[in-house]
Amino acid sequence: MRRKDEAKARNILRATLDEVQLVGLAGLSIEAVARRAGVATGTVYTYFANKDALLNALYLHIKQRFATVVLRGADLPLRAAFMTAAGAYLDYAAENRAEIVFMSQMANSPYVTDETREAAALGVRPLGALLERGKAEQLLKPLDTAWMLAFLSGALNALAPMAAGLAADLRTEFRDTAAQLCWDALKA
(Lines give C-alpha, C1' and ligand atoms only; values in the text may rest on other atoms or scores of the structure.)
Protein backbone atom coordinates (compact mmCIF):
# COMPACT_ATOMS: atom_id res chain seq x y z
CA MET A 1 0.00 0.00 0.00
CA ARG A 2 1.41 3.40 -1.01
CA ARG A 3 1.87 6.13 1.58
CA LYS A 4 -0.14 9.27 1.03
CA ASP A 5 1.82 12.36 0.12
CA GLU A 6 1.06 15.15 2.64
CA ALA A 7 2.06 17.84 0.15
CA LYS A 8 -0.41 16.43 -2.37
CA ALA A 9 -3.15 16.37 0.28
CA ARG A 10 -2.45 20.03 1.16
CA ASN A 11 -2.51 20.90 -2.55
CA ILE A 12 -5.92 19.24 -2.89
CA LEU A 13 -7.20 21.14 0.15
CA ARG A 14 -5.91 24.44 -1.28
CA ALA A 15 -7.52 23.66 -4.64
CA THR A 16 -10.78 22.93 -2.82
CA LEU A 17 -10.71 26.31 -1.09
CA ASP A 18 -9.98 28.07 -4.38
CA GLU A 19 -12.78 26.20 -6.12
CA VAL A 20 -15.28 26.96 -3.31
CA GLN A 21 -14.44 30.65 -3.74
CA LEU A 22 -15.49 30.40 -7.38
CA VAL A 23 -18.53 28.12 -7.28
CA GLY A 24 -19.62 27.89 -3.64
CA LEU A 25 -20.13 24.80 -1.51
CA ALA A 26 -23.05 23.37 -3.47
CA GLY A 27 -21.34 23.87 -6.83
CA LEU A 28 -18.12 22.16 -5.78
CA SER A 29 -17.19 19.01 -7.69
CA ILE A 30 -14.38 16.55 -7.10
CA GLU A 31 -13.53 16.73 -10.81
CA ALA A 32 -13.01 20.52 -10.66
CA VAL A 33 -10.87 20.17 -7.53
CA ALA A 34 -8.75 17.53 -9.26
CA ARG A 35 -8.26 19.75 -12.32
CA ARG A 36 -7.31 22.72 -10.16
CA ALA A 37 -4.91 20.58 -8.07
CA GLY A 38 -3.37 19.06 -11.19
CA VAL A 39 -4.16 15.49 -10.17
CA ALA A 40 -6.42 12.74 -11.43
CA THR A 41 -9.95 12.60 -10.03
CA GLY A 42 -9.15 9.18 -8.56
CA THR A 43 -6.26 10.73 -6.65
CA VAL A 44 -8.64 13.03 -4.80
CA TYR A 45 -10.71 9.98 -3.87
CA THR A 46 -7.53 8.28 -2.60
CA TYR A 47 -7.23 11.05 -0.02
CA PHE A 48 -10.89 11.87 0.60
CA ALA A 49 -13.81 9.45 0.35
CA ASN A 50 -16.23 12.00 -1.12
CA LYS A 51 -17.10 15.69 -1.34
CA ASP A 52 -18.39 15.78 2.23
CA ALA A 53 -15.18 14.23 3.57
CA LEU A 54 -13.12 16.69 1.55
CA LEU A 55 -15.06 19.69 2.85
CA ASN A 56 -14.89 18.43 6.43
CA ALA A 57 -11.14 17.88 6.15
CA LEU A 58 -10.65 21.38 4.77
CA TYR A 59 -12.86 22.92 7.46
CA LEU A 60 -10.99 21.16 10.23
CA HIS A 61 -7.61 22.00 8.69
CA ILE A 62 -8.46 25.70 8.50
CA LYS A 63 -10.04 25.83 11.97
CA GLN A 64 -6.98 24.17 13.51
CA ARG A 65 -4.58 26.50 11.68
CA PHE A 66 -6.66 29.51 12.70
CA ALA A 67 -6.76 28.43 16.36
CA THR A 68 -3.00 27.84 16.40
CA VAL A 69 -2.32 31.34 15.06
CA VAL A 70 -4.83 33.15 17.26
CA LEU A 71 -4.01 31.35 20.49
CA ARG A 72 -0.23 31.39 20.42
CA GLY A 73 -0.05 33.80 23.39
CA ALA A 74 -2.77 32.22 25.54
CA ASP A 75 -0.38 31.57 28.44
CA LEU A 76 0.45 35.29 28.87
CA PRO A 77 -1.19 37.40 31.58
CA LEU A 78 -4.84 37.94 30.72
CA ARG A 79 -4.78 41.39 29.11
CA ALA A 80 -1.64 40.60 27.08
CA ALA A 81 -3.12 37.25 26.01
CA PHE A 82 -6.39 38.94 25.00
CA MET A 83 -4.63 41.67 23.04
CA THR A 84 -2.35 39.15 21.33
CA ALA A 85 -5.30 36.93 20.40
CA ALA A 86 -7.40 39.83 19.10
CA GLY A 87 -4.50 41.18 17.06
CA ALA A 88 -3.63 37.76 15.66
CA TYR A 89 -7.31 37.18 14.78
CA LEU A 90 -7.46 40.47 12.89
CA ASP A 91 -4.21 39.75 11.05
CA TYR A 92 -5.36 36.25 10.12
CA ALA A 93 -8.74 37.50 8.95
CA ALA A 94 -7.13 40.29 6.91
CA GLU A 95 -4.58 37.97 5.26
CA ASN A 96 -6.82 34.93 4.80
CA ARG A 97 -10.22 36.22 3.65
CA ALA A 98 -11.00 33.07 1.70
CA GLU A 99 -10.49 30.94 4.82
CA ILE A 100 -12.66 33.25 6.93
CA VAL A 101 -15.46 33.17 4.35
CA PHE A 102 -15.15 29.38 4.06
CA MET A 103 -15.33 28.90 7.85
CA SER A 104 -18.40 31.11 7.95
CA GLN A 105 -20.08 29.18 5.13
CA MET A 106 -19.28 25.83 6.72
CA ALA A 107 -20.25 26.84 10.27
CA ASN A 108 -23.94 26.45 9.47
CA SER A 109 -23.63 24.02 6.59
CA PRO A 110 -25.19 20.57 6.46
CA TYR A 111 -21.86 19.33 5.07
CA VAL A 112 -20.18 19.53 8.49
CA THR A 113 -20.49 16.35 10.51
CA ASP A 114 -21.01 16.32 14.27
CA GLU A 115 -17.58 14.72 14.61
CA THR A 116 -15.95 17.58 12.70
CA ARG A 117 -17.87 20.18 14.72
CA GLU A 118 -16.64 18.59 17.94
CA ALA A 119 -13.04 18.46 16.71
CA ALA A 120 -13.19 22.09 15.54
CA ALA A 121 -14.69 23.20 18.86
CA LEU A 122 -11.67 21.73 20.67
CA GLY A 123 -9.45 24.20 18.82
CA VAL A 124 -11.51 27.19 19.95
CA ARG A 125 -11.86 26.00 23.53
CA PRO A 126 -8.68 27.80 24.70
CA LEU A 127 -10.11 31.15 23.57
CA GLY A 128 -13.26 30.44 25.57
CA ALA A 129 -11.06 29.45 28.50
CA LEU A 130 -9.17 32.74 28.18
CA LEU A 131 -12.45 34.65 28.39
CA GLU A 132 -13.59 32.50 31.32
CA ARG A 133 -10.30 33.24 33.06
CA GLY A 134 -10.91 36.95 32.52
CA LYS A 135 -14.36 36.68 34.05
CA ALA A 136 -13.03 34.69 37.02
CA GLU A 137 -10.34 37.34 37.59
CA GLN A 138 -13.12 39.97 37.30
CA LEU A 139 -11.22 41.68 34.50
CA LEU A 140 -13.92 40.94 31.92
CA LYS A 141 -17.67 41.47 32.11
CA PRO A 142 -19.68 38.51 33.39
CA LEU A 143 -21.31 37.88 30.02
CA ASP A 144 -22.06 34.54 28.41
CA THR A 145 -18.85 33.35 26.77
CA ALA A 146 -20.67 32.51 23.53
CA TRP A 147 -21.82 36.13 23.32
CA MET A 148 -18.28 37.35 23.89
CA LEU A 149 -16.92 35.06 21.19
CA ALA A 150 -19.63 36.18 18.77
CA PHE A 151 -18.87 39.83 19.51
CA LEU A 152 -15.13 39.38 18.98
CA SER A 153 -15.63 37.39 15.81
CA GLY A 154 -18.11 39.88 14.37
CA ALA A 155 -16.07 42.96 15.24
CA LEU A 156 -12.74 41.60 14.03
CA ASN A 157 -14.18 40.08 10.85
CA ALA A 158 -15.84 43.42 10.05
CA LEU A 159 -12.55 45.29 10.54
CA ALA A 160 -10.42 42.78 8.62
CA PRO A 161 -11.09 44.17 5.11
CA MET A 162 -10.03 47.60 6.31
CA ALA A 163 -6.84 46.17 7.81
CA ALA A 164 -6.08 44.20 4.66
CA GLY A 165 -5.89 47.39 2.63
CA LEU A 166 -3.32 49.03 4.88
CA ALA A 167 0.45 49.13 4.51
CA ALA A 168 2.28 46.96 7.07
CA ASP A 169 3.35 49.88 9.28
CA LEU A 170 -0.20 51.25 9.42
CA ARG A 171 -1.71 47.82 9.99
CA THR A 172 0.19 47.39 13.25
CA GLU A 173 -1.38 50.54 14.69
CA PHE A 174 -4.79 49.57 13.30
CA ARG A 175 -4.50 46.06 14.79
CA ASP A 176 -3.52 47.42 18.20
CA THR A 177 -6.39 49.93 18.15
CA ALA A 178 -8.89 47.23 17.15
CA ALA A 179 -7.65 44.92 19.92
CA GLN A 180 -7.93 47.80 22.40
CA LEU A 181 -11.50 48.52 21.29
CA CYS A 182 -12.42 44.86 21.83
CA TRP A 183 -10.76 44.87 25.26
CA ASP A 184 -12.56 48.07 26.23
CA ALA A 185 -15.90 46.63 25.15
CA LEU A 186 -15.51 43.49 27.26
CA LYS A 187 -13.51 44.67 30.26
CA ALA A 188 -15.29 44.81 33.60
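Points to keep in mind about this one:
- Residue count for the stretch 156-182, restricted to those that are touching a helix residue (DSSP H, G or I) at 6+ places or on another chain (Cβ under 6 Å) and of a type outside the set (D, E, K, R): 11
- The combined condition, being more than 20 Å from residue 127 (Cα to Cα) and either assigned to a helix (DSSP H, G or I) or open to solvent by 30 Å² or more (accessible area, probe 1.4 Å) (or both), is fulfilled by residue 16.
- Whenever a residue of the stretch 78-95 is within 14 Å of residue 158 (Cβ to Cβ), its partners that are open to solvent by 30 Å² or more (accessible area, probe 1.4 Å) and assigned to a helix (DSSP H, G or I), lying with C-beta atoms within less than 6 angstrom and at least six residues away or across chains, give the pairs 90/175; 93/157; 94/164.
- Residue in the stretch 40-58 that is modelled with pLDDT of 95 or more, buried (at least 16 other Cβ atoms within 10 Å of the Cβ) and among the acidic types (Asp, Glu) present: no
- Scanning the stretch 154-179 for residues that are among the small types (Gly, Ala, Ser) and without any contact (Cβ under 8 Å) to a residue 40 or more places away in the chain yields 154, 155, 158, 165, 167, 168.
The values are calculated or read from the model by the stated rules, or taken from the named source; none is laboratory data. Keep in mind that this is a model prediction, so the values were computed, not measured. Here Cβ is always computed from backbone atoms with ideal geometry, including for glycine, and neighbour counts include all displayed protein chains. Side chains are part of the model used for accessible areas, which takes the heavy atoms of the whole protein and leaves out ligands, DNA and RNA. Shrake-Rupley method; radii C 1.70, N 1.55, O 1.52, S 1.80 Å.
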